[in-house]
Amino acid sequence: MASPEAKGPKVPPAYPPKTPPPQKKPVEPPRPQPATSPKTQVAVRRPRMVVRNRRTAALTFRADSWAAKKAAGQAVEIVRGWDYPALDESDLATVVRRLVTVAVADGGKRVSVHLGDQEQKVLVAVLSHVSGAPDDSVLGQVAALATVDSAGTDSAPDGRRMWVVLDAAPRSPRSRRRQRDNGELGA
């Protein structure tokens, strides 16, 4: 057997691997800076629609030729669930179809329909999401409907917004008789 001295003395290596000292604080990536807009651009802001304390629904569609019919059907189904038995559903469907058709003609990629109710009134707001030339001819068409209380439109760089308020309150028998005499109601 060989003695331990035969192997030679234990000497530490001449160049031991050195480990770096631990970092005191971990490296943090730079924080993102808020985007700034050029000072020459003037921001045009329109008031946002704020809806509180009422039922609402929002529908979004691709701006295709079928969007008007689909939007009208879904809007009628939603408002039917709000239990307005005196609301003229054909007027509601006509309003939604006409407003969505005009919004699709603006040439955007999508159209959104927003519904709301308050005190026996139903609001229909349609947004085209592209700035288009204001076409107010649709307002005259929808304002002629029997249950429409008011209608309006506005344009901004972020798109055009059109709205109509429909009366969902039960009508008196006298107003129904007057409509029937004027030929507005079917026999």
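Determine which single condition residue 119 fails, assuming it passes every other condition in (1) touching a residue at least 24 places away in the same chain (Cβ under 8 Å); (2) open to solvent by 10 Å² or more (accessible area, probe 1.4 Å); (3) not hydrophobic (A, V, I, L, M, F, W, C).
Just one mismatch for residue 119, condition (1).
Restricting the first residue to the stretch 136-156 and requiring it to be without any contact (Cβ under 8 Å) to a residue 60 or more places away in the chain and over 14 Å from residue 92 (Cα atoms), which pairs with a second residue that is among the charged types (D, E, K, R) and open to solvent by less than 40 Å² (accessible area, probe 1.4 Å) meet a Cβ separation below 8 Å and a spacing of at least six or different chains?
Here the result reads 153/160; 153/161; 155/161, each pair linking the stretch 136-156 to a residue that is among the charged types (D, E, K, R) and open to solvent by less than 40 Å² (accessible area, probe 1.4 Å).
Every residue, every condition in (1) out of contact with any helix residue (DSSP H, G or I) (no Cβ under 6 Å at 6 or more places or on another chain); (2) at pLDDT 65 or above; (3) not aromatic (Phe, Trp, Tyr), yes or no:
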{"site": "19", "(1), (2), (3)": "yes, yes, yes"}
{"site": "36", "(1), (2), (3)": "yes, no, yes"}
{"site": "63", "(1), (2), (3)": "no, yes, yes"}
{"site": "66", "(1), (2), (3)": "yes, yes, no"}
{"site": "73", "(1), (2), (3)": "yes, yes, yes"}
{"site": "88", "(1), (2), (3)": "yes, yes, yes"}
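Those residues that are among the β-branched types (Val, Ile, Thr) and modelled with pLDDT under 90, I need them from the stretch 115-146; list them, please.
130, 138, 142
Do any strands (runs of 3 or more DSSP E) entirely within the stretch 100-168 hold 1 or more residues that are under 19 Å from residue 69 (Cβ atoms), and if so, which?
The qualifying strands (runs of 3 or more DSSP E) are 110-118, 121-127, 159-167.
Step by step: first the residues of the stretch 64-74, then only those that are open to solvent by less than 20 Å² (accessible area, probe 1.4 Å) and touching a strand residue (DSSP E or B) at 6+ places or on another chain (Cβ under 6 Å), then the one that is farthest from residue 163 (Cα to Cα). Which residue is that?
Across the stretch 64-74, the extreme among qualifying residues is 67.
Looking at the stretch 152-167, can you tell me whether even one residue there is more than 11 Å from residue 98 (Cβ to Cβ), of a type in the set (Val, Ile, Thr) and modelled with pLDDT of 90 or more?
Yes: one or more hits.
From 110, 55, 31, 45, grab the single residue that is at pLDDT 90 or above and either open to solvent by 70 Å² or more (accessible area, probe 1.4 Å) or of a type in the set (Val, Ile, Thr) (or both).
110
Is it fair to say residue 183 is modelled with pLDDT under 85 and at positive phi?
Answer is yes for this residue.
The values are calculated or read from the model by the stated rules, or taken from the named source; none is laboratory data. These numbers were taken from a predicted model, which means no experiment stands behind them. Glycine gets a Cβ as well: all are built from the backbone with ideal geometry, and neighbour counts include every protein chain shown. Surface accessibility is based on the protein's heavy atoms, side chains included, excluding ligands, DNA and RNA. Shrake-Rupley method; radii C 1.70, N 1.55, O 1.52, S 1.80 Å.
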